[in-house]
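Q: Quick one: structure below, then a few questions.
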Amino acid sequence: MHTRHANPPTHPTVDLRVLFATVGGRMAVARKQAGKTQLEAAYALGVSRSQLANMETGESMIALAHLYNAALLYGVDAKTLLP
């Protein structure tokens, strides 16, 4: 016989707005510490300055490739950009 749970198990979830704002903020700090302007970094990453600004403020999603390329550009370990 099959029994049903009164309350199905929940799965951990992440608030993506908080996640992207946190990662973006860390990217901005790393960029500034590397002495790069948004325009310089955006050009090197192959995005527009406004796209980079939106990533840094958490307004847009950050592609994994951009995260790793930013870490390389800024001379930091990608893990330091993650919460």
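Laboratory data are not the source of any read-out in this text; all were calculated from the coordinates shown. Being a predicted model, the structure only gives us computed values, none of them experimental. Ideal geometry is used to build each Cβ from the backbone, glycine not excepted, and the neighbour counts take in all protein chains shown.
Q: For the Cα atoms of the chain, what angle does the longest principal axis make with the long axis of helix 16-33, in degrees from 0 to 90, nearest 10?
A: 20 degrees
Q: Then there is this: Please report, in Å, the Rg and the Dmax of the stretch 37-78, where both are computed over Cα atoms only.
A: Spelled out, the Cα radius of gyration and Dmax of the stretch 37-78 are 9.4, 24 Å.
Q: In addition: Would you mind ranking Glu40, Glu56 so that the residue whose beta carbon has the fewest other beta carbons within 10 Å leads the list?
A: Glu40, Glu56
Q: How far, in degrees from 0 to 90, does helix 64-74 lean away from the longest principal axis of the Cα atoms of the chain, to the nearest 10?
A: The answer is roughly 40 degrees.
Q: If only Cα atoms are counted, what is the Rg of the chain, and what is its Dmax, in Å?
A: Rg then Dmax for the chain, in Å: 17.4, 65.
Q: For Ala71, what is the net charge nearby, where nearby means another residue's Cβ is under 11 Å from its Cβ and Lys, Arg count +1, Asp, Glu -1?
A: Here the count lands on +2.
Q: Would you please give the FRET efficiency between Leu82 and Thr37, computed as 1/(1 + (r/R0)^6) with r the Cβ-Cβ distance and R0 = 35 Å, to the nearest 0.05?
A: 0.90
Q: Taking the simple approach of a point 7 Å from Cα along Cα-to-Cβ for both Arg17 and Ser50, what is their distance in nm?
A: Computed distance between label sites Arg17 and Ser50 equals 2.2 nm.
Q: Determine the relative contact order of the chain: mean sequence separation of Cα pairs under 8 Å and six or more apart, normalised by residue count, in whole percent.
A: Relative contact order for the chain comes out at 37 percent.
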